[in-house]
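Beneath this line is the structure, given in structure tokens, with notes to follow.
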Amino acid sequence: VFWDPAKKQVRSWGVYSDGGFEEAVWKMKGATLFVSREITRADGVRGKAVSHWTLIDKKNCAWSSNKRSMGKEKFPDIPGTSLRKD
């Protein structure tokens, strides 16, 4: 995760061993972090997803994902789930 001074936003990049890759833009809105990902598979098919992370307290957060697609296929939203750090 890095600050992109040209676009003035937090971004991240990922590379997969099969040749695929992804880019993401990170934005805070209130108490929720939104991570908007754009994925390119090794075969060139592109996809998108938005993850939402909301801090509940020092050991708990909520996560969900929406706007999920790969190529022409759309996927259902993943409803909120709680995550706990032990």
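Only the coordinates and a few stated rules stand behind these numbers; no lab work does. Computed from a predicted structure; not experimentally measured. Note: ideal-geometry Cβ built from the backbone for every residue, glycine included; neighbour counts use all protein chains shown.
Side notes on the structure shown:
- Listed cross-link partners K29/K74; K48/K74; K7/K67; K7/K29 are compared with a 20 Å cut-off, the Cα-Cα value being larger for K29/K74; K7/K67.
- Charge dipole (debye, nearest 20) of the chain; +1 at Cβ of Lys and Arg, -1 at Cβ of Asp and Glu: 320 debye
- Mean shadow area of the chain, taken as a quarter of the surface of its Cα convex hull (nm²): 7.2 nm²
- Neighbourhood net charge (15 Å Cβ-Cβ; Lys/Arg +1, Asp/Glu -1) for F34: +4
- Spacing of the two label points (7 Å from each Cα toward its C-beta) at W53 and S36, in nm: 1.8 nm
- Farthest positive-ward along the chain dipole, Cα basis, beta-carbon charges - from H52, P76, W13: H52
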